[in-house]
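Trainee: Pasting a structure below so you can have a look.
What follows draws every value from the coordinates through simple rules; no lab data is involved. It should be emphasised that the depicted structure is a prediction, and the values quoted were computed from it without experimental measurement. No Cβ is skipped: glycine too gets one built from the backbone with ideal geometry, and neighbour counts run over all protein chains shown.
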Amino acid sequence: MWKWTQSAAFSNRVEHYQLHGLHFQHIMLCPRRAWMYLHNINFAQWYERVNVGLVKHESSYQRDHSVVGLIGISPDRLDWNNRIVYENKGSSGARRAATMQTLFYAVMLSIATQEEWQAVVHILSTHKERTIELTPKNLQELWDASTQLVTLAKQHDVPDVKRIPLCDKCALCQFCGHD
Ligand code: SF4
């Protein structure tokens, strides 16, 4: 039986703030991006790069039937027998962001089933896989990320940020007004 001392508190946070995998991805990339996402500010549909990405995702990376029926958790594939949750990524970039997103799914499934799940990031361009275990260090990092998300959810003002390399590819770039 899987146990994590923060399970109940983490579940409550996730439910109360309606957090899901993308929140944990965004907070690893940029606090302003996470803040906008938390406050439902989203210009992605106006941004050509995202539109192309969405079409590619729909046509190439369709979610496996194994995930149908899951509420609030949307990984790309689940291996129910071996308790492995998979998230597909086009490339190996943004490693920590992909790790946190997939780890979030594994933790939520572990809490729900009380059995330990593994998280696997599947890199589509190289066909390589990266396994993320539910180690104390990873769990602490996920907890810390949730704490940051709660702070941002309660924060009225847009967080100050500096321009980072990711900005050029960010769907919010044209509207962000980063410093
Ligand atoms: S454009 Fe840059 S600073 Fe603004 S939300 Fe995106 S990543 Fe963050």
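Trainee: Tell me, what does the Kirkwood hydrodynamic radius of the stretch 68-179 come to in angstroms if you use every pair of distinct C-alpha atoms? Please list the in-between numbers first.
Mentor: On the way: mean 1/r = 0.0631 Å⁻¹.
One decimal place: 15.8 Å for the Kirkwood radius.
Trainee: Now for a separate question. I need LEU38, LEU109, LEU103 ordered by Cβ neighbour count within 10 Å, fewest first.
Mentor: Least to most surrounded, the residues fall as LEU38, LEU109, LEU103.
Trainee: Hey, how many Å between the Cα centroid of the stretch 91-146 and the Cα centroid of the stretch 149-166?
Mentor: First find each Cα centre; the distance between them is then 23 Å.
Trainee: Would you mind computing, in nm to one decimal, how far apart the modelled labels at SER91 and THR151 are, each placed 7 Å from Cα along Cα→Cβ?
Mentor: 3.0
Trainee: Report, in listed order, any pair from LYS137/LYS169; LYS89/LYS128; LYS3/LYS137 with a Cα-Cα distance greater than 18 Å.
Mentor: Among LYS137/LYS169; LYS89/LYS128; LYS3/LYS137, the Cα-Cα distance tops 18 Å for LYS137/LYS169.
Trainee: Can you figure out the FRET efficiency of ASN40 with ALA112, using R₀ = 25 Å and their beta-carbon distance, to the nearest 0.05?
Mentor: Details: r = 26 Å, r/R0 = 1.04.
Result of the calculation: an efficiency of 0.45.
Trainee: Take the Cβ-Cβ distance between HIS178 and THR5 as r, set R0 to 35 Å, and report the resulting FRET efficiency rounded to the nearest 0.05.
Mentor: Values: r = 37 Å, r/R0 = 1.07.
Step by step, r from the Cβ atoms, then E = 0.40.
Trainee: Still on this model: Which value, in debye to the nearest 20, gives the size of the charge dipole of the stretch 123-179 about its Cα centre, when Lys and Arg are +1 and Asp and Glu are -1 at the Cβ?
Mentor: 160
Trainee: Further question on the same structure: Which GluC sites (Glu not before Pro) in the stretch 78-141 sit in a loop by DSSP (not H, G, I, E or B) and have at most 16 other Cβ atoms within 10 Å of their own Cβ?
Mentor: Sparse-neighbourhood loop GluC sites (Glu not before Pro): GLU115, GLU116, GLU133.
Trainee: Set the Förster distance to 35 Å, then compute FRET efficiency between LEU166 and ASN81 from the Cβ-Cβ distance, nearest 0.05.
Mentor: E between LEU166 and ASN81, to the nearest 0.05, is 0.40.
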